[in-house]
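Undergrad: Have a look at this one before I ask anything.
No lab work stands behind these numbers, since they all come straight from the coordinates. None of these values were measured; they are calculated from a predicted model. Cβ placement follows ideal geometry from the backbone for every residue including glycine, while neighbour counts extend to all protein chains displayed.
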Amino acid sequence: MKVIVFHSEHCGPCSVHMKNIEQVKSQYPNVTFEEVLTDDEKNDKLVAAFEIRSNPTTVFLADENNPKSGIKVVGLMTVDKLKMTIDTLK
């Protein structure tokens, strides 16, 4: 399983979201977490591929090799919501 977190450095809700992600990471050692800065030009293709329009956006992939194998959640997520989403897709 893979979790891709799209965020911006200048986004208030993103800061809180990233702190929540950090709390969850340690509880899921078998889940790959990837952070993608949406305001970095080198990430433009990935941002476009996942049709990211808002920050933060979190993509949960049940199968890392299949971008259509999961769900996309737009907005700030609580620690409990993050854990529930991961547990549902594992």
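Undergrad: Under 5 Å between amide H atoms, partner at least 5 residues away or on a different chain: which partners does Phe33 have, H built in plane at 1.01 Å?
TA: Sorted by chain and number, the residues that satisfy this are Val3.
Undergrad: What number of lysine-lysine pairs in the stretch 1-72 show an alpha-carbon separation below 20 angstrom, given a sequence spacing of 8 or more or placement on distinct chains?
TA: Number of lysine pairs found: 9.
Undergrad: One-quarter of the Cα convex hull surface for the stretch 1-49, in nm²?
TA: 3.7 nm²
Undergrad: Another question, if that's okay. So how long is each side of the chain along the principal axes, counting just the alpha-carbon atoms, biggest first, in Å?
TA: 31, 28, 18
Undergrad: How large is the dipole of the chain about the Cα centre if only Lys and Arg carry +1 and Asp and Glu carry -1, each at its Cβ, rounded to the nearest 20 debye?
TA: For this selection, approximately 320 debye.
Undergrad: Then there's this: Could you please report the charge total around Leu82, scoring K, R as +1 and D, E as -1 over all other residues with beta-carbon less than 15 angstrom from its beta-carbon?
TA: Taking every other residue near Leu82 into account, the sum is +2.
Undergrad: I want the local charge near Val31. Using Cβ-Cβ distances under 9 Å, sum +1 for each Lys or Arg and -1 for each Asp or Glu among the other residues.
TA: +3
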